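Report on one structure; see the data block that follows.
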Amino acid sequence: MPTSSTRNPFTAEESPAVGVTFEDLSKSFGRHVVLKNITLHIEPGEIFVLMGPSGSGKSVLLKHIVGLEAPSGGRVTVGSQDAADETTRETVRMAMVFQAGALFNSLTVYDNLALYLREHRLGGEGKIREKVMHALQILSLANAAGKFPSELSGGMRKRVAIARALVMEPQLLLYDEPTSELDPVMSATISEIIASLKDEYHVTSIVVSHDRDLALSIADRIGILMGGELIALAPPAELKHSSDPRVRDFLNPKIDLHHPRFKQLET
Ligand SMILES: Nc1ncnc2c1ncn2[C@@H]1O[C@H](COP(=O)(O)OP(=O)(O)OP(=O)(O)O)[C@@H](O)[C@H]1O
Ligand SMILES: [Mg+2]
C-alpha cells in the first residue's frame, strides 16, 4: 500500500467529491447507435468500474463526463451541473488519466506535474514543490522527479500520469484503462493506489478497465456495458453470482474478452 511520509497538502474540505448522473443517455454517430438509454448514478466518493467489450462505448461514455462528447439524447450531470456546459469544467475539478499517459516528453516528471499548478497560479514554487513531491511520493516516484518520460518504464509513466492528475486536486478522477499493458504486480499496485486515493482525497473515481482483478478488488460497484446497454450494475460480490451468462462469461478468467462473440453489435 502506498504510504506518505509528508503531511497531505491537500484537504478534503477544499475538494468535496462530486457525483455523476446519467439520465437516459443515448449516443449515436450517424446511424451507429453506441449508447442506448443509459441511466446511472455514481455516488460522490464511489469507486465505479466500467467494464465491457472493446468498442462497447466505454470511452465515449467517459468523454460525456468531461464534455468531449455531447449526448444525442438524455443528459449527464456532474454534481448539480450539466456536463455539456463549459462552466461545469471551470467549476468542478476533473482530471482524466489517459491510457497512454499523455505526458510532455520535453519536460521532466517534476515539471510535468508542476505545469498545471504554475499555469493556474496555484501557489508559489514552495507550495508547488510540496504538492508535487507529495503526489510523487504517494506513487513511489520521488526518485524519478528529475527524469524525462522517455527514461521511464511504461508502468512508471502510468504512475506519473496518475500523480499529475492528483496535483490538480480533483473532485472527480477518470481513468481510461489504467492497468492495460502492465504486468500483474504493477497492475495490483495501481489498483491499490486507486483504492487508497479514495481515503486520502475522498475523490470520486470512475475507472474504465478490462482488468477483472482490479474491478473485483477495488470497485464499490461494477457496471458492464454491452450492446449499448448496461447489462449489469452491482457490487463485485453480487456480480460474481449473476445468473446472466454474459456476465458470468465476462468475469470468467478463462474466457478471452477479445473473442468475436464479445464484439459490440453494430446497430
Ligand atoms: N468520434 C467518433 N465518431 C464516430 N464513431 C465513434 C467516435 N468515437 C467512437 N466511435 C465509435 O463508438 C464505438 C465505441 O467506441 P469507444 O471508443 O467508446 O469503445 P470502447 O468501449 O472504449 O473500446 P476499447 O475497449 O477498445 O477502448 C466504436 O464503434 C467507435 O468506432
Ligand atoms: Mg476505450
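The values are calculated or read from the model by the stated rules, or taken from the named source; none is laboratory data. This one's a predicted model, so the numbers in the text were calculated from it and none came from an experiment. Positions of Cβ are generated from backbone atoms using ideal geometry, with glycine treated the same way; all protein chains shown enter the neighbour counts.
Answer with yes or no whether Ser56 is within 22 Å of Arg212 (Cα to Cα), within 12 Å of ligand 1 (Cβ to nearest atom) and either under 16 Å from the mean Cα position of the chain (by Cα) or in the same structural domain as Leu230 (by TED's automatic domain parsing) (or both). Yes; evaluated as a whole, the condition is true for this residue. In segment 220-227, is there at least one residue being touching a Gly at 6+ places or on another chain (Cβ under 8 Å) and surrounded by fewer than 18 Cβ atoms within 10 Å (Cβ to Cβ)? The answer is no; no qualifying residue exists.
Condition test on Glu23, is it at pLDDT 95 or above, of a type in the set (D, E, K, R) and outside any loop (DSSP other than H, G, I, E, B)? For Glu23, the condition - at pLDDT 95 or above, of a type in the set (D, E, K, R) and outside any loop (DSSP other than H, G, I, E, B) - is met.
Got at least one residue in segment 24-32 being within 27 Å of Thr179 (Cα to Cα) and of a type outside the set (Lys, Arg)? The answer is no; no qualifying residue exists. Residues of segment 167-188 that are crowded, with 19+ Cβ neighbours inside 10 Å, more than 16 Å from ligand 1 (Cβ to nearest atom) and of a type in the set (Val, Ile, Thr): Val167 alone.
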